Structures are given as structure tokens and as C-alpha cells.
Amino acid sequence: MNIDEKIKAKSVDPASREMLQVAADQNIETVWERLEKQQPQCGFGELGLCCRICAMGPCRIDPFGEGAQKGACGAGADTIIARNLIRMIAGGAAAHSDHGRRPALLLKDVASGKNKNYELVDVEKLKAVAARLGIACKGRKKTAIAADIADIALNDFGKQDEETLAFVKAYAPVKRLARWQKIATDLSAATEKTIGILPRGIDREIVDIMHRTHFGVDHDPLSLIAQGVRASIGDGWGGSLIATEIQDILFGTPKIREATANLGVLSKDQVNIVVHGHEPILSEKIVEIASSKVMEKLARKHGAQGINVVGMCCTGNEVLMRHGIPIAGNELQQELAIITGAVELMSVDVQCIFPALAELCKCYHTHFVATSDQAGFPGATHIQFEETEADQCAKKIVTMAIENYDNRNHDRVYIPEITNSAMVGFSVEAILDALGGTPEPLLDAIKSGAIKGVVGIVGCNNPKVTHDFYHIELAKALIAKDILVIGTGCWAIAAAKAGLMQTETAKDAGPGLRAVCEALKIPPCLHMGSCVDCSRMLVLAGALADALGVDIDDLPLVGSAPEWLTEKAVSIGTFFVASGVPVHLWPMPPIAGGDQVMEILTKTAGEVFGGYFFVEEDPLKAADEMEKIINKKRQALGI
Amino acid sequence: MKELLIRPELCLGCRSCELACAVEHSRGKTLLSAIRENPLPQYRVHVVTDGRGFLPLQCRNCEDAPCLTACLTGALHRDARGVVTCTTELCVGCWMCIMVCPFGIITQKHEERRISKCDRCPDREEPACVNACPVGALIYAEIDDQARLQRQQVLAGLRTL
């Protein structure tokens with residue numbers, strides 16, 4: 001297929017390029033064209049200098065000094081930027097944590113027997129989580145243990161006392177917990193104002209942000225950002241971690257397995273169902289029901305060769321990690337999957353779902369099915385998902401997809417014949433398994449310098465960056481420097497599509513990393529899951545720190561969100577920084593208009609938490625900077 | 001010759017033209033670098049409001065420009081494009097042009113006793129302010145073309161002028 005040069009600038013992914021050409025030929029609009037129509041975008045917004053919090057506004061601060069330097073209430077640039085920034089953190093932490101609430105509630109219902117649609121699949125994980133939380137297991141029924149875990153998790157969401165979250169106390173490394181306490185004490189002493197860092201309630205810290213950023217409350221950039229940090233810790237070590245751990249109990253802890261990625265996983269002669277969004281509770285059921293004999297038979301009755309469930313974004317990552325369900329693509333491919341004309345049904349739950357899909361699906365035979373009470377899509381078919389009737393709901397969705405196979409216009413189908421294989425499923429447990437049960441071999445490799453350090457890459461695609469370009473180039477540059485790359489979310493899908501998650505890719509790594517990968521038979525880029533599974537990276541970092549008797553910020557670790565877009569990414573970046581990991585970002589977040597906020601995030605945070613933000617547009621320069629940081633940490637460790 | 005025209009009824013007062021103008025007259029030419037320059041770059045288009053509407057106003061390049069007549073040193077002159085331009089080195093900061101400008105669009109340069117005014121972006125095909133306007137309140141077009149378009153719009157009943 002001949003691809004226009006303009007399309008090549010949009011994505012480096014060959015399957016996406018083909019679909020973008022098809023879209024252009026059919027005159028179908030995608031996110032790239034819509035973003036183009038948004039140009040020029042507002043400079044005040046880009047710099048974070050616009051405040052819409054009260055009805056005296058919108059107020060804007062003139063970055064060129066000529067116009068207003070204060071909002072109507074007197075808030076300066078840094079107050080406005082800090083308020084806007086932590087509201088982004090609140091949004092991101094809320095999305096992750098509310099995701100975590102659902103499995104916690106489900107666990108409680110499964111434990112009590114109220115919900116018979118799900119089971120406690122991973123008893124080993126159940127016991128491991130219980131042990132972390134100090135719940136007795138001996139001689140107790142697994143349902144009783146599960147009920148205790150659910151109670152502690154749900155209590156962490158809604159408790160009103162001043163105690164730190166139980167999950168944070170149970171999972172964060174000892175030294176980091178003490179550090180956070182000390183930071184709060186020091187900041188309070190220095191400012192003579194109580195400043196908290198350790199989260200008290202997952203929901204409470206988010207509500208606290210909405211309160212203190214309300215008109216006329218907190219105006220001090222430092223105090224505001226500290227609360228942002230607190231809510232982000234409640235996300236990373238709280239809500240996200242609860243999501244990961246309980247989903248593992250309910251659906252199984254991911255194990256290393258082979259899978260395929262990219263749009264070519266869509267089938268020419270099977271019923272294609274795409275599960276898109278973030279939560280695995282329904283998609284698990286869709287996978288289960290679709291693989292039943294009854295449904296297979298029904299599909300054949302409708303002339304299809306079977307049923308092909310594939311994933312998109314993080315719902316996709318969840319079923320990819322646990323069942324090896326093929327993944328069709330990452331965020332910027334959601335429309336492209338529909339444009340193949342081969343999708344009978346796309347089922348969506350929450351987060352990162354373009355509302356444009358509803359209208360797009362009308363150009364094809366595709367059913368666009370929304371399922372969450374929290375997510376309505378004008379133009380979609382809404383099939384309300386209730387956990388207590390999960391089987392019925394999944395059956396309805398799968399049947400609807402099968403029946404829609406009759407309507408597929410085979411002449412209009414174009415599926416790019418592009419896929420790549422990937423080794424996925426690197427939960428912390430799976431990584432330790434691969435290492436022979438302890439983190440020692442990894443630590444030894446880091447100590448010897450075979451692996452210089454570890455970079456965790458996360459998050460999003462953003463059409464402001466050539467799709468997948470930064471994800472892939474950064475990862476390639478890092479592994480060549482003997483830096484192990486781990487990651488989640490849309491990065492992980494990009495890496496899988498690019499073949500970076502194959503054991504053979506070890507040949508592109510530096511000699512040290514290559515030898516380690518070949519010895520352990522693992523790829524140099526590890527898929528650790530969905531975006532809530534960033535908690536797996538925290539847990540891994542914590543395990544390494546505790547094993548060495550150091551704090552996380554002593555370790556040669558760096559984080560990156562190189563094509564970030566969502567508020568969730570802001571929360572993730574902040575909890576990495578709070579946990580002691582320097583974090584690279586691209587594109588520039590909306591903070592550049594405030595010197596004090598920039599200073600706090602790029603410098604002060606480093607002095608206080610050991611983690612800080614830095615921004616770099618060029619992947620190779622970013623990789624160099626990461627290597628520099630890693631070498632500095634190695635030097636300080638004396639390795 | 002193309003002229004810089006204003007459709008004030010379309011202006012939402014977002015001030016994107018002001019920012020784009022400052023960026024175009026900065027050294028780094030990007031928003032992120034421009035806001036950190038010293039001295040800060042200066043915009044030469046101003047969004048004026050009376051509380052009822054907005055007017056994004058910049059040099060109108062008058063034919064019989066009072067500023068040209070008033071300039072004692074010849075700093076202000078009409079360049080090959082027909083644009084009233086200032087040779088900064090010749091400006092002595094007498095403010096005569098500011099006093100006579102009927103639109104008040106000439107201002108003082110930051111921290112200098114010299115003037116700052118619209119140069120209609122000599123390095124660009126389309127002035128930065130026009131390019132930055134999200135709603136088409138600023139137009140760069142041949143007068144005849146624009147007048148024809150507006151006549152058509154009257155006919156089509158799309159606008160009441």
C-alpha cells in the first residue's frame with residue numbers, strides 16, 4: 001500500500017499507517033484531523049495560566065508581563081498553575097482509584113457469596129496479600145480471608161481517621177514510609193503550617209484537593225503541590241495497587257506467556273469483538289463466554305469460523321496479561337480498529353474511550369456498546385453491566401456480536417496483515433519466578449553493571465507526538481545502553497507491536513543486558529500490565545530497595561511518560577516522583593508559566609523526595625539524561 | 001496587496017493573537033522559550049474591549065500615515081511591502097508617532113526609550129496574529145476578495161452587516 005508522507009508523520013506503526021491511508025481514502029476523520037482543526041490551541045492554557053475555578057473568571061496571567069499578573073481574586077501565576085495541576089492529579093487519582101473500588105467491592109461480594117458469577121481464582125495471591133496486610137490465614141476459609149482484604153481495602157477508600165492507609169503501610173518500603181513522615185514534619189516546621197504527605201483516605205485526599213482548590217482556600221504553591229503528592233501516593237500505593245492486587249486474586253496473577261499484538265490480530269473470517277477501556281471485570285467474562293462451545297456453535301451458524309476477542313488499551317492489557325488475549329492496539333488505534341470494517345462489536349467500560357467512536361461505528365456495521373453506569377456515549381448502545389449478572393451481560397454482548405456478523409460487508413473489510421509476537425505477563429511474581437524466586441539475580445546484575453539500571457515507561461499516546469515514535473525510540477536507546485526497560489499501558493502495547501518484547505530483541509541490547517536476558521530467556525523490555533499496574537513497578541522498586549536495605553531514590557531507576565495525555569499520567573508521574581524516582585515527561589505539562597511551580601517540581605522535589613520531573617522532546621537526549629541519572633545513582637551506591 | 005483585516009464581531013477576546021505576536025517577535029520563536037527571554041518579547045496587537053465586545057487592533061498602515069509625517073528622524077518609513085516599519089536604531093524616543101497615531105497602536109519598547117509597533121511579520125507569509133486566531137476574526141486577504149466574500153455573505157443571508 002502506498003502511504004502518503006503526511007500520514008507517515010502521524011504514526012510510525014505500519015498497521016496504523018495503512019489504516020490511516022484507508023481512512024484518508026474513505027474521507028473518514030480521526031483524532032489527528034480533529035486535533036489539526038483545534039489549531040492554534042490557547043497559549044494561556046498551554047502554559048497553565050488560565051483559571052476557570054470561579055465565575056469572576058476566566059482569568060489569565062499575561063506571560064509577557066504587559067497585561068494582568070494577577071487573577072481577579074489576586075491569585076498569581078504560580079497559585080493558578082499549582083491549583084490546575086493538582087486538580088489534574090485529583091482527576092487521575094480518582095480514575096485509578098475508582099477503578100480499584102470496583103474489584104474491592106466485587107471481592108467482598110464474592111467472599112460473602114452474594115456474587116456467584118466470579119470466584120477467588122488465585123488463592124496463592126490471596127494469601128500473599130493477606131500476609132502483607134497482617135491478616136491471619138492459617139486454618140481460615142479463603143472466603144473469610146478475602147472478606148478481610150476487601151474490608152481493609154474499602155476502609156482505605158473511605159476512612160476518616162488521620163492514620164496512613166493500611167495498604168500504603170503494608171506495601172511501601174520501610175525507609176520510604178519514614179521519609180514521607182519526615183518530609184511532612186520538616187515541611188510543617190519550615191512553613192509553620194501543617195502539611196501532610198502520607199495519605200489518610202484514598203477518596204479523602206481527592207476531595208481535599210477539590211476543597212483546597214475551590215475559590216478562596218489554599219493559594220500557596222508548595223502546600224497545594226504537597227496535597228497533590230499526598231493524593232498521588234493514595235493512588236499509586238493505594239487505589240491503583242488495590243486494583244492490581246484484587247484483580248490478581250479474582251482473575252489470576254499474570255504469568256509469562258506469548259501473545260500477538262497489532263491490528264492484524266483482527267480476523268477475516270471470525271466474529272471480532274474488541275474490548276476497550278480499563279476494567280477487566282466485564283472483559284474477563286466476555287473472554288470466558290466467547291470461548292464457550294455454545295457461542296462457538298452460534299458463530300458457526302452465522303457463517304463465521306469462530307469468535308475472536310481482542311483487546312484495546314488497558315482493558316486489553318488486563319486480558320492480555322492474564323490470558324494472552326491478542327491486543328489490537330493502543331489508544332490512537334481505537335478508531336483505526338473500527339475502520340477495518342471487520343469489528344462486529346466494540347465493548348467499552350471506562351477511561352480513554354473517544355466519544356467519536358459512536359459516530360464512527362455508524363459508518364460501519366460495528367455495534368458500539370457502552371456498559372458502565374459512569375460512562376455514557378451519545379449514539380452508543382448501552383448494555384448496563386452489573387457484576388451480579390455478569391454472565392448474562394457478557395452473553396448478551398457476545399450474542400449481539402455474533403448476530404452482527406451477518407451484516408459484515410466483506411468487500412469493505414481491510415485488515416492490515418501486520419502483527420508481532422510478544423512475551424508478556426511480567427507481574428512482580430512472574431519476574432521473581434523468572435529470577436528463580438528471589439530478586440538476588442537482578443540485584444547482582446545491577447551491582448555488576450551488566451544491567452546499569454531500570455527505566456519504567458508508562459502511559460498514553462498523544463497525537464501531538466508521532467504515534468509510538470517516542471515510546472519505541474526511547475526504549476531502543478535505553479536497552480542499547482544496558483538499561484532494562486519495564487512498563488505498562490500504551491507504552492507496553494507500542495513495545496509489543498514493535499517487537500521489543502521478544503527474547504530475540506536481546507540482540508539489540510547492550511552486551512550486559514543481552515547476556516542477562518539470554519540467561520533468563522526474557523526480553524529486554526518487560527510488559528508489566530495496564531496503567532493501574534504501575535503499582536507493580538512500585539512494588540518491584542520497593543522489593544529491590546528493601547532487599548538492598550536502601551530507599552527507592554538510592555536505586556538506579558528512572559520513569560518516563562513520553563507520549564502522555566491523561567490526568568492519570570500526571571498522577572502516575574507524581575507518585576513515581578514522590579516514591580523517589582526521577583520522571584521524564586513529554587509533552588510539556590501545563591506548568592511552564594510559573595517559575596515557582598517549575599522550581600518545586602524540577603528541583604525542590606529532587607532534594608526532598610529524591611524524585612523530580614524533567615522534560616525533553618528528543619528521545620535520544622532523554623535516554624542520555626536517564627543514563628546520566630542512573631550512573632550518578634550507581635556512583636552514590638558505590639557500584 | 002494583501003491587507004490585515006478585522007472582523008470584530010467574531011472576536012472572543014481569547015488574546016491568542018497577542019501571544020502569537022510576542023512569540024513571533026521573540027528570539028526562540030516558541031511559546032515555551034519566549035516566556036523565559038530577557039527582555040520579554042513584546043506583542044504589537046492589542047485586544048481592546050469596552051465590556052460589550054472585542055477589537056483585536058494592530059497597525060492599520062494608513063496611506064497618509066500621520067506617524068510617518070511626525071517621525072523626525074526617518075526611523076519610521078514605508079518598506080517595499082508597503083508596510084510602515086521602524087528602523088529601531090534611528091528611533092530617538094520622541095513619542096511624536098505615539099501622539100499622532102489615531103489608533104494608539106504604537107507603544108514603548110520594554111526598558112528602552114524607543115517605540116514598538118506592528119511590522120506585519122516580514123518573515124512570514126501570513127502575519128502571526130492572523131494565523132493564531134481560532135475564529136477567523138483576523139483576516140489576511142486582498143481587499144477586493146474580502147469585499148466580494150462579504151457581499152456574497154450578505155446575499156446568502158449569513159450575515160447582517
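The values are calculated or read from the model by the stated rules, or taken from the named source; none is laboratory data. Bear in mind the structure is a predicted one, so any value in this text is a computation, not a measurement. Glycine also receives a Cβ, built like all others from the backbone with ideal geometry; neighbour counts cover every protein chain displayed. Areas reflect the complete protein model, heavy atoms only, side chains present, ligands, DNA and RNA absent. Shrake-Rupley method; radii C 1.70, N 1.55, O 1.52, S 1.80 Å.
Please name which of B:ALA34, A:VAL343, A:ALA189 has its Cα lying farthest along the dipole of the protein assembly as shown towards the positive end, using unit charges on Cβ (Lys, Arg +1; Asp, Glu -1) and the Cα centre as origin. After comparing all options, I get A:ALA189.
Taken over the protein assembly as shown, the alpha-carbon convex hull comes to 189 cubic angstrom per residue. The aspartates and glutamates within cross-link reach of A:LYS70, meaning a Cα-to-Cα straight distance under 15 Å and a gap of 8 or more places when in the same chain, are A:ASP62, A:ASP78, A:ASP220, A:ASP595. Under the convention that each Lys and Arg Cβ holds +1 and each Asp and Glu Cβ holds -1, the size of the dipole of the range B:59-117 around its Cα centre is about 80 debye. For the cross-link pairs A:LYS175/A:LYS603; A:LYS37/A:LYS362; A:LYS159/A:LYS182; A:LYS116/A:LYS497; A:LYS116/A:LYS142, the ones whose C-alpha atoms lie over 25 Å apart are A:LYS116/A:LYS497. Dipole of chain A computed with +1 at Lys/Arg Cβ and -1 at Asp/Glu Cβ about the Cα centre; of A:TYR414, A:LEU332, A:ILE256, farthest Cα towards the positive end is A:ILE256. What the range A:1-132 shows is 44 Å² of accessible area per residue, with the surface traced by a 1.4 Å probe over protein heavy atoms. Here the accessible area is traced with a 1.4 Å probe on the protein chains. For the range A:424-637, carbon and sulfur cover 54 percent of it. With the Kirkwood sum run over all distinct C-alpha pairs, the range A:263-412 has a hydrodynamic radius of 14.7 Å.
Per the Cα gyration tensor, the range A:465-562 maps to an equivalent ellipsoid with semi-axes of 21, 18, 12 Å, ordered largest to smallest. Rounded to the nearest angstrom and listed largest first, the equivalent-ellipsoid semi-axes of the range A:1-155 from its Cα gyration tensor are 47, 32, 13.
Give, as a single signed number, the net charge of other residues whose beta carbon lies under 11 Å from the beta carbon of B:ALA75, with Lys and Arg counted +1 and Asp and Glu -1. Here the charged neighbours net out to +1. Rounded to the nearest angstrom and listed largest first, the equivalent-ellipsoid semi-axes of the range B:59-117 from its Cα gyration tensor are 16, 13, 10. The listed peptides A:116-122, B:109-115, ordered by packing as a protection proxy, come out as A:116-122, B:109-115 (highest mean of other Cβ atoms within 10 Å first). Among the chymotrypsin sites (Phe, Trp or Tyr not before Pro) in the range A:205-305, those placed in a DSSP loop whose Cβ has at most 16 other Cβ atoms within 10 Å are A:PHE215. Share of the range B:13-89's accessible area from carbon and sulfur, percent, 1.4 Å? It is 57 percent, rounded to a whole number. Isolated cysteines in chain B, defined as those with no second cysteine Cβ under 4.7 Å, comprise B:CYS11, B:CYS14, B:CYS21, B:CYS62, B:CYS71, B:CYS86, B:CYS91, B:CYS94, B:CYS101, B:CYS121, B:CYS133.
If you wrap the tightest convex hull around every Cα atom of the range A:77-251 and split its volume per residue, you get 110 Å³. A Cβ-based charge dipole, computed about the Cα centre of the range A:447-550 with Lys and Arg at +1 and Asp and Glu at -1, lands at about 100 debye. A convex hull fitted around the alpha carbon atoms of the range A:511-612 yields 121 Å³ per residue.
How much of the accessible area of the range A:60-120, in percent, comes from carbon and sulfur atoms when a 1.4 Å probe is used?
Roughly 50 percent, rounded to a whole number.
Where does the charge balance sit around A:ILE383 when Lys and Arg score +1, Asp and Glu -1, over other residues with C-beta under 13 Å from its C-beta? Residues near A:ILE383 contribute -1 overall.
Overall, the ratio between the Cα radius of gyration of the range B:23-161 and 2.2 N^0.38 Å, rounded to two decimals, is 1.18. Charge tally for A:CYS363 (other residues, Cβ to Cβ under 12 Å; Lys, Arg +1; Asp, Glu -1): -1.
Can you give the helix-only mean residue ellipticity at 222 nm for the protein assembly as shown, where every DSSP H stretch with n ≥ 4 adds -39500 (n - 2.57) and the sum goes over all residues, rounded to the nearest 500 deg cm²/dmol?
-13000 deg cm²/dmol
With a 10 Å cut-off around each Cβ of A:59-72, the average count of Cβ atoms from other chains is 4. Placing unit charges on the Cβ atoms of the charged side chains and taking the dipole of the range A:52-189 about its Cα centre, the candidate lying farthest along the positive direction among A:GLN160, A:ILE145, A:MET56 is A:ILE145.
Going through the range A:527-604, which GluC sites (Glu not before Pro) have at most 12 other Cβ atoms within 10 Å and a DSSP loop state? Filter output for the range A:527-604: empty list. The chymotrypsin sites (Phe, Trp or Tyr not before Pro) of the range A:436-511 include none that meets both criteria, a DSSP state outside H, G, I, E and B (loop) and at most 16 other C-beta atoms within 10 angstrom of the site's C-beta. Residue by residue along A:37-43, Cβ atoms of other protein chains within 10 Å of the local Cβ number 5 on average.
Normalised radius of gyration (Cα atoms, divided by 2.2 N^0.38 Å) for the range A:424-637: 0.93.
Expressed to the nearest 5 percent, the antiparallel share of DSSP beta bridges inside the protein assembly as shown is 35 percent. Buried surface between chains A and B: roughly 1700 Å² of accessible area, summed over both sides, computed with a 1.4 Å probe on protein heavy atoms only. Averaged over the residues of peptide B:31-38, the number of Cβ atoms from other protein chains lying within 10 Å of each residue's Cβ is 5. Ranked from largest, the principal axis spans of the Cα set of the range A:32-97 equal 35, 32, 20 Å.
Rounded to the nearest 20 debye, the dipole size of the protein assembly as shown about its Cα centre is 500 debye, using +1 on the Cβ of Lys and Arg and -1 on the Cβ of Asp and Glu.
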